[in-house]
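Have a look at the structure below before the remarks.
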Amino acid sequence: MRALLRRILPGGAAPSSGAAADPAAAPAENRSGEVAPVETERWLVVGLGNPGPSYAGNRHNIGFMVADALAERGGQRFKAHKSRAEVAETRIQGVPAVLAKPRSYMNLSGGPVAALSRFYKVPLERILVVHDELDIPFGALRLKRGGGAGGHNGLRSITSSLSDPGYLRVRVGVGRPPGRMDAAAYVLKDFSAAERKDLGVVVERAADAAGTVLTDGLEKAQNTFHSAA
């Protein structure tokens, strides 16, 4: 967790890229260098954010932070993928999953997500998106399937590219902006000093919530993490 926070707090380095920690677990490659292994129950877990170190600590990037935490738990590192995303193939509590961080900027997240869904042959019902949510207090979690974008450009892009809003979401509360601050400016600012004290716990709880969706289903995850908020 310390390594994760070093990456996301101001002055930290950008998220790293590299080969999977377990070369034996990597899929066989064709001449293009990329071929998806066959996993009948594979999930696609997408953390939303903006690429680059200048955005790393932003509220809008909490989805990236959760994806990093899940990769760290599995001993995996992200690597570039032709879909315009960074991916890490791992297992979350024994369930095969592809973790993804689109590198196309938030408002164009849909293209990489749709491309990864096709490449790994993951159906809509096994796509889980982790994102920031203005309408939820900082640190609270809400999980659901489907629904509107609620003004979130990343969700709007994903729904458009998938032609269906029925994917799962882990909504991580960042709270409303103070006073008359513009919401778009607020999410592109780093978490406050007070919020950063609890940020590591929030990220780990969101990672736990994502794992519970994969292993026990949405209802169990809702019962566990909504009541704990």
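Among the residues of the range 184-194, are any within 25 Å of Val95 (Cβ to Cβ) and of a type in the set (Val, Ile, Thr)? For the range 184-194, residues within 25 Å of Val95 (Cβ to Cβ) and of a type in the set (Val, Ile, Thr): absent.
A count restricted to the range 71-92 and to residues that are among the small types (Gly, Ala, Ser), buried (at least 21 other Cβ atoms within 10 Å of the Cβ) and closer than 24 Å to Asp216 by Cβ stands at 2. Scanning the range 93-107 for residues that are open to solvent by less than 20 Å² (accessible area, probe 1.4 Å) and at pLDDT 95 or above yields Pro96, Ala97, Val98, Leu99, Ala100, Lys101, Pro102, Met106. I'd like to know if the range 201-213 contains one or more residues that are closer than 17 Å to Gly57 by Cα, assigned to a loop (DSSP other than H, G, I, E, B) and out of contact with any Lys or Arg (no Cβ under 9 Å at 6 or more places or on another chain). Within the range 201-213, not a single residue is closer than 17 Å to Gly57 by Cα, assigned to a loop (DSSP other than H, G, I, E, B) and out of contact with any Lys or Arg (no Cβ under 9 Å at 6 or more places or on another chain).
Just give me the residues in the range 132-144 being of a type in the set (Phe, Trp, Tyr) and part of a strand (DSSP E or B), in sequence order.
The initial filter retains those residues of the range 132-144 that are of a type in the set (Phe, Trp, Tyr), namely 138.
Hits for the range 132-144: nothing passes.
Here Arg180 meets the list (1) over 19 Å from Asn61 (Cα atoms); (2) not in a loop (DSSP other than H, G, I, E, B) almost entirely, failing just condition (2).
When Ser157, Ser161 are checked against the criterion of being under 19 Å from the mean Cα position of the chain (by Cα), hydroxyl-bearing (Ser, Thr, Tyr) and under 17 Å from Arg126 (Cβ atoms), Ser161 stands alone in meeting it. Of the residues screened, Arg145 is one that is touching a Leu at 6+ places or on another chain (Cβ under 9 Å), in contact (Cβ under 8 Å) with a residue 24 or more places away in the chain and more than 13 Å from Trp43 (Cα to Cα).
Going by what's in this entry, would Lys82 be described as under 25 Å from Gly139 (Cβ atoms) and among the basic types (Lys, Arg)?
Working: under 25 Å from Gly139 (Cβ atoms): no; among the basic types (Lys, Arg): yes.
No: the conditions fail for Lys82.
Given the structure, is Gly179 loosely packed, with under 14 Cβ neighbours inside 10 Å and either without any contact (Cβ under 8 Å) to a residue 12 or more places away in the chain or aliphatic (A, V, I, L, M) (or both)? Taking the combined requirement at face value, the residue satisfies it. In the range 145-156, the condition of being part of a strand (DSSP E or B), of a type in the set (D, E, K, R) and touching a helix residue (DSSP H, G or I) at 6+ places or on another chain (Cβ under 9 Å) is met by at least one residue. Looking only at residues of the range 123-135 that are open to solvent by 10 Å² or more (accessible area, probe 1.4 Å) and hydrophobic (A, V, I, L, M, F, W, C), we find that the one that is farthest from Gly166 (Cα to Cα) is Leu134.
Taking the conditions (1) open to solvent by 10 Å² or more (accessible area, probe 1.4 Å); (2) hydrophobic (A, V, I, L, M, F, W, C); (3) at pLDDT 95 or above; (4) closer than 26 Å to Tyr186 by Cα in turn, Leu155 satisfies each one other than (1).
Evaluate the following for Gly49: is it part of a loop (DSSP other than H, G, I, E, B) and open to solvent by less than 10 Å² (accessible area, probe 1.4 Å)?
Answer is yes for this residue.
Given (1) under 20 Å from Ser83 (Cβ atoms); (2) outside any loop (DSSP other than H, G, I, E, B), where does Val122 come up short, assuming only one miss? Going through (1) under 20 Å from Ser83 (Cβ atoms); (2) outside any loop (DSSP other than H, G, I, E, B) one by one, Val122 breaks only (2).
The values are calculated or read from the model by the stated rules, or taken from the named source; none is laboratory data. Note that the structure is predicted; figures quoted are calculated from it, not measured. Methodologically, a virtual Cβ is constructed for each residue, glycine included, from the backbone with ideal geometry; neighbour enumeration extends over all protein chains shown. Each accessible area value is taken on the protein alone, full model and side chains, heavy atoms only, with ligands, DNA and RNA left out. Shrake-Rupley method; radii C 1.70, N 1.55, O 1.52, S 1.80 Å.
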